[in-house]
Structures are given as structure tokens and as C-alpha cells.
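Participant: The structure's right below; bear with me while I get my questions together.
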Number of protein chains: 2
Amino acid sequence: MAKPVLTILTGNREVTGLDTLRQLADVRLAADADELAAALPGTEIVYLWNYFADGLQQGWERADALNWVHLPAAGVDRLLFPELAASNVTVTNARGIFDAAMAEYALAGILYFAKNFPQARLNQAERRWQHFGTSNLAGTRALVAGTGSIGRATARLLRAVGIETDGLGRTARDGDADFGAVHASADFAAVAGNYDWVVLVAPLTEATRGMLNADVLAAMKSSAVLVNMGRGELMVQCALEGMLRDGRIRGAVLDVTSPEPLPQSSPLWGLENVLITPHLSGDSRSHLPAMAAQFEANLRAYLAGEPLENVVDKQLGFVAAPAGR
Amino acid sequence: MAKPVLTILTGNREVTGLDTLRQLADVRLAADADELAAALPGTEIVYLWNYFADGLQQGWERADALNWVHLPAAGVDRLLFPELAASNVTVTNARGIFDAAMAEYALAGILYFAKNFPQARLNQAERRWQHFGTSNLAGTRALVAGTGSIGRATARLLRAVGIETDGLGRTARDGDADFGAVHASADFAAVAGNYDWVVLVAPLTEATRGMLNADVLAAMKSSAVLVNMGRGELMVQCALEGMLRDGRIRGAVLDVTSPEPLPQSSPLWGLENVLITPHLSGDSRSHLPAMAAQFEANLRAYLAGEPLENVVDKQLGFVAAPAGR
């Protein structure tokens, strides 16, 4: 049987596990959008190794044999252009790969504020040994918006250190395995005031865009801290800026912004109660090999005619949860 | 029966639970060392509510009825002057009160470096969105020097988030309930190179003074981070400064220094890979009422002729562990 044509969008990043992929498929390498478009005729599988790169939509007309697109990322919002969403092409993502790192990132952000390290930095810059207030995690409450694999891993970690953790999902439900309660996203403003920590890891869809809006922000405790690991577009960023500047919420840890990179002119850079990282919360020492191994396993399943793992529901915009979750 | 005379060294700090203590004892309040000395004749119990204050040694000659000294702190190193150590006076401490807060502080310090928040701060100051390396906790290893209640709480928390955690104590032992292995302090330099995180919470005694010396520092991984929540005198601080300045270890989170307050001239203040907090790792929203409740319970035991909790072994310099630990 002929090997399928697999086109890899490298974005000039070294592709982990390339030798193995060459054994399994007829590999074409595309450094950028133009090369991807040129490689699409006859391509059966597209592997967006550099998941920050674009190009598939531009070349869509030439995708005459495409069956499957794999994006080794958690969020597929940038990928799901209308033609792809309407097509029969299967889309898979890297569900699971980033869970542990992102859960740890959320906890790091929470502890950074609980132990008031921002104040420690300010005092240290002035060589000032002066007592300041800190707090404990025990008895505090977190709300995790997003009940997919990352949200679940986050909830498990936060609960392991004594934080009472609820979820925010499409529909309210009790009896969840990982969350105390799950509230409906529609009730975000109604419940936000009950939490010390609000963590955003929801997929970006038309239902979640701007979910952290002025009403939600106004409802939050003035002592509350936001951690956004999902997408900048989940927040009404200008409203957040105002609340942070005025001290109406305690602080924010932002791994994602809108746009990215965050422009130098953004006032967020200058706020002492904001910590910004450049979309790296899913990183770990092992995420590249893990991403490569996950795709290779799916490619072997594809070649064997078996079902693929982590198939994205292109209408929902994410991998639908297994039954019972 | 006459109430015993209880002298409280307040250091001009409001004494939590004072009304109840007045019902149980004949309370004298002493704001400072001079007032403490003046109040000592006839005093049966001394309660060093402001545990940063001194004065008992200066007034020792006048302590003609003293039976019991309570220090609501974990470390009793500053209190145990020779005359007190040689006397029949019972010394108790606040074992247990600070466990949860200090365990969280250690984890906060570890995550601060694992997620490379120091680099995030540097980039943010320059409004620079630029990727940098971070790491995961899973698979990393911590060594906690000090196997008392704080060290144990720290080990349990670090293990709960996936860090393999060993202890360093007076004697090596296996099969500990909270630690993977417990190494002997004498082997600190021999084992230090196996750990990503080194946490100091040992009591300061003649056996532990300067335990983190140049040999231990030289043996540590260049990627290792130190968290000191014990006493500044546990480290050879000038050796640590040099290692941090030269990047021969990754960083340090210091809640204690030698001396305290840390002088403005100390080079530690200016190092980007050091985070300094002013001896607050045991703080929490509830530590003052918890300290008050703990003393009150011991006072009721004293009045009832029952054994006191958390009696310090004045030769060892800390509360000896319960049998089996």
C-alpha cells in the first residue's frame, strides 16, 4: 500500500520524531504558509507542528486529498475556519499533553499572590525589610472556567493543596468527579463573587468569547485573582485593565492576551498586580516529545484504519468530553 | 486556689484572647524587657506573646517562682539561654501552628522558579513578549532539611503535587511516613546533588548552624533552588551569596536571613535570582487566634495539673518527635 502524503508545517522548527514519520508516510516539509499551500495538492494529512503558524486556510482550494489535520495544541480556535469546519476533514488536537504543566501554572499564579510575592519584589527593590500580609490556601475557593482535560487537571491539583474548587461549564451539574460543583457559564456573574481565584481555561468559541466581562469582573471579590491560561479573547481585556488599575480586583496572571504578542503600548505591562507570560503555560521539559509521540500513535491508528484519538467536534470547537463527564 | 501569676511580654502588640487569660490567671502585662524584668518576681508563667522580643535572660535573676515559659513560635533558638536550659523551667512552643502556611510558602517558592516568574518579571519591565524556558514539578526531587512538624507538612504538600521528597534529619532512616528517605545531616554534601529543590526548616542548634555550607552549595545542581524558612544561621550566607551571584545555583527564596532585618547593604537584595521575605512564612489569616487557642489549652492543662503539649527538649533545642517518627 502506498504511504499517505503527510505535510508538516514546520515554521522552521525542528520536528521531533521526524525520522519515524518518514518511515510511516510520504513526508513533505513546509516552512511557511506559501510552502504549505504548494504542498497541499495530494496531501492526505496535515500536521501543524508549529501550532502558532497559519496557512491552511490560504491554501484550502488546493487541498484536494485532505482527510485529517492534526494541531498539536489544546485550543483549535485559530484553526477552525469555516471551510474546514464545514468539510469532512477530521481535526485532532493535543488534548492531555499540557494538563500537568498548566495545572501547575495556575497553582504557581495563585501562590504568587497568596504569598504576596509582588509585594516582596517591591520591597526588595527598595532593600526594605518590612512585614506585609500573606494568606493561606486552606479554606479558599477557586472557580475553573473550562471543564476539559486541562480544567480537570487544574481542579485536581488545586484540591490536592486544599483549595475548594468548582467548575464553570456549558451546563450546571453536580456529582462531577473532579469539581465540587459545576456552574453554567451563563451564571458566571452570579457566582463569581464566591471565589478567591478565577481560572480561565475554556476553549475559545462564540459561546465563550468575552465571558469574563465587566459584569463578571464587578461581581468578583476585590481580593480575587484571575489566572488566564485559555485565550485572551475569553476576557474583555479593556474592562480587566480598568479593574486591575483601580485595584477592584487583586491581581491577574496572564499567559494569554489579545492580541499576542501583547503590544508594547498595553497598560497591562505596567501594572504591578499583573504578571504576564508569553503563552507558555503548557510548556514542560517533555511537551515536545509528548506531542510527537501522541501524533505518531494517531498516525499509526490512521494507517491501521482504527479510530483516531482526540477528534475535535468542529461545531463545538473542542474535543467533546467522554460520556459521563 | 489562688490563680498563678502569668506575665505576658506583649511588645506593645495586642494580645489575642486576653480576656480569657485574665479569667484563668493573675495577668501582668509587660511591654518590653524592662517591664518583663520588673514583673518577674512572683511570676509562675511567662508568655512571650511577641516572640521577636527579648528580655527573659536579662531579668532571669528575678525569676523566683517561674515554672513555665511559652514561646508561640516554632524555633526556640533565641530563647534557650544557658540559665534557662539548665533550669527546671518548662519551655513550650507553638509546634503545629505554622505547618500549613510554611508548607505553602515552600511550594510557592518552588513554583516561582519552576515557572520562571523571575524571567517573566524582567521581560515585563521591558514590555517584552519573548518565550523563555519553564519546567514541570513532576519528576523533580526535593530535600527538606528538618523532619519536625513543619518539615513533615512541607513534605506532604510537595509530594501531593508530584515532587519526590526526601528528608534530612539527625539520623538516616527508611520507612518514614512522610518522607521517601531520610538522610543524615552529616551526609548533606554527599546527597545534595540529587535534588532540584532544597528546603531548610531545621531548628537552629549547634548541630545545624551553618549546615548549608560551601561544600553543600558546591555539590548542589546548578539548576537547584534553595528555600530557607528556618533560620538565616542555618546557611553560610556569604558562601550562598557568591554561588547565587555566579549563577552556580539557580536561585533562592529566603524568608530568614542573618541578621534580621537584612541590612540594606547586603548584596542579596540586588540579586535577580533571590526573593526575600521578612520572616513571615508562618503567617496566615488565622495564626494569631490559633496561637492564642494553643496557649489557652496548655494553660488549662497546667491549671488542671495535666501534662503540657509541645514541651521543648532544652538539650536538643526543639520538641522531640513522638515515638516512631
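Participant: What residue of chain A has the nearest C-beta to the axis that moves A onto B, and what is that distance in Å, given as a whole number?
Facilitator: Measuring from each Cβ to the axis, the minimum is at A:Ala160, 2.
Participant: Turning to a different aspect of this structure: When averaged across all projection directions, what area in nm² does the alpha-carbon convex hull of the stretch A:143-285 cover?
Facilitator: 8.5 nm²
Participant: How far, in nm to one decimal, is A:Pro289 from itself in the other copies if the label point is set 7 angstrom along Cα toward Cβ? Shortest first, please.
Facilitator: In nanometres, ordered from closest: 5.0.
Participant: Using a 10 angstrom cutoff on alpha carbons, build the Gaussian network for chain B and name the most mobile of B:Ala304, B:Ala207, B:Ala293.
Facilitator: B:Ala304
Participant: Moving to a separate point now. Under a straight-distance cross-link criterion of Cα-Cα below 18 Å, which lysines are reachable from B:Lys3, leaving out those fewer than 8 residues away in the same chain?
Facilitator: Counting by Cα, and skipping residues close in sequence, B:Lys3 has no lysines nearby.
Participant: Sort shortest first the distances from B:Pro259 to its counterpart in every other copy, using label points 7 Å along the Cα-to-beta-carbon line, and give them in nm.
Facilitator: Listed shortest first, these distances are 5.7 nm.
Participant: Roughly how crowded by other chains is peptide A:109-115, in terms of the mean Cβ count from those chains within 10 Å of each of its Cβ atoms?
Facilitator: Partner-chain Cβ atoms within 10 Å, mean over residues of A:109-115: 6.
Participant: Moving to a separate point now. Any idea what log10 I(q)/I(0) is at q = 0.12, 0.14 Å⁻¹ for chain A, Debye with uniform C-alpha scatterers and no solvent?
Facilitator: At q = 0.12, 0.14 Å⁻¹ the computed log10 ratios are -0.85, -1.08.
Participant: What's the Cα-based Rg to Rh of the stretch A:55-201, Rh via Kirkwood?
Facilitator: Result: Rg/Rh = 1.13.
Participant: Straight-line reach from B:Lys221: which lysines have Cα under 20 Å away, leaving out those fewer than 8 places along the same chain?
Facilitator: B:Lys115
Participant: Taking the DSSP beta bridges in chain B as the whole, what percent of them are antiparallel, to the nearest 5? It would help to have the intermediate numbers written out before the result.
Facilitator: On the way: 3 of 42 bridges.
If we restrict to bridges inside chain B, about 5 percent are antiparallel.
Participant: Mind telling me which of A:Gly146, A:Gly162, A:Gly175 comes out most flexible in a GNM of chain A, alpha-carbon contacts under 10 Å?
Facilitator: Looking only at A:Gly146, A:Gly162, A:Gly175, the biggest GNM fluctuation is shown by A:Gly175.
Participant: Within the protein assembly as shown, what percent of beta bridges assigned by DSSP are antiparallel, to the nearest 5?
Facilitator: Counting DSSP beta bridges with both partners in the protein assembly as shown, the antiparallel share is about 5 percent.
Participant: When the helices in the protein assembly as shown are scored as -39500 (n - 2.57) per DSSP H run of 4 or longer and the sum is shared across all residues, what 222 nm value do you end up with, to the nearest 500 deg cm²/dmol?
Facilitator: Rounded to the nearest 500, the figure is -8000 deg cm²/dmol.
Participant: Over chain A, what relative contact order in percent results from Cα pairs under 8 Å that are six or more residues apart? Write out the running numbers ahead of the final one.
Facilitator: Details: 625 pairs, mean separation 48.1, N = 325.
Rounded, it is 15 percent for chain A.
Participant: Show log10 I(q)/I(0) for the stretch B:111-151 at q = 0.24, 0.26, 0.33, 0.35 Å⁻¹, two decimals, from a solvent-free Debye sum over equal Cα scatterers.
Facilitator: Taken in order of the listed q values, log10 I(q)/I(0) reads -0.83, -0.89, -1.08, -1.13.
Participant: Pull up the DSSP beta bridges for the stretch B:99-276 and report the antiparallel fraction as a percent, rounded to 5.
Facilitator: 5 percent
Participant: Among B:Val256, B:Asn194, B:Leu288, pick out the residue whose Cα is farthest towards the positive end of the charge dipole of the stretch B:167-325, where Lys and Arg carry +1 and Asp and Glu carry -1 on C-beta, about the Cα centre.
Facilitator: B:Asn194
Participant: Most fluctuating residue of B:Ala138, B:Ala101, B:Ala192 in a GNM of chain B with Cα springs under 10 Å: which is it?
Facilitator: Among B:Ala138, B:Ala101, B:Ala192, the largest mean-square fluctuation in the Gaussian network model of chain B belongs to B:Ala138.
Participant: Turning to a different aspect of this structure: In peptide A:229-235, what is the residue-averaged number of other protein chain Cβ atoms found within 10 Å of each Cβ?
Facilitator: 0
Participant: Suppose you put the label 7 Å out from Cα in the Cβ direction; list, shortest first and in nm with one decimal, how far B:Asp187 is from each other copy's label.
Facilitator: B:Asp187 label point versus its equivalents elsewhere: 5.5 nm.
Participant: Treating the protein assembly as shown as a set of equal point scatterers at the Cα positions, no solvent, please give the Debye-formula log₁₀ I(q)/I(0) at q = 0.06, 0.12 Å⁻¹.
Facilitator: -0.40, -1.25
Participant: Which net charge results when you count Lys and Arg as +1 and Asp and Glu as -1 among the other residues whose beta-carbon is under 12 Å from that of B:Arg22?
Facilitator: Local charge sum for B:Arg22: -1.
Participant: What is the sum of charges around A:Asn136, taking Lys and Arg as +1, Asp and Glu as -1, for the other residues whose C-beta is under 14 Å from the C-beta of A:Asn136?
Facilitator: So the surrounding residues net to -2.
Participant: Using a 10 Å cut-off around each Cβ of peptide A:119-128, what is the average number of partner chain Cβ atoms that fall inside?
Facilitator: Going residue by residue through A:119-128 and averaging, the value is 5.
Participant: Where in the stretch A:1-95 are there chymotrypsin sites (Phe, Trp or Tyr not before Pro) that are in a DSSP coil and have at most 15 other Cβ atoms within 10 angstrom of their Cβ?
Facilitator: A:Phe52
FYI, it's all coordinate maths here, none of it is from the lab. This one's a predicted model, so the numbers in the text were calculated from it and none came from an experiment. Reconstructed Cβ throughout: ideal geometry from the backbone, glycine too, with neighbour counts over all protein chains shown.
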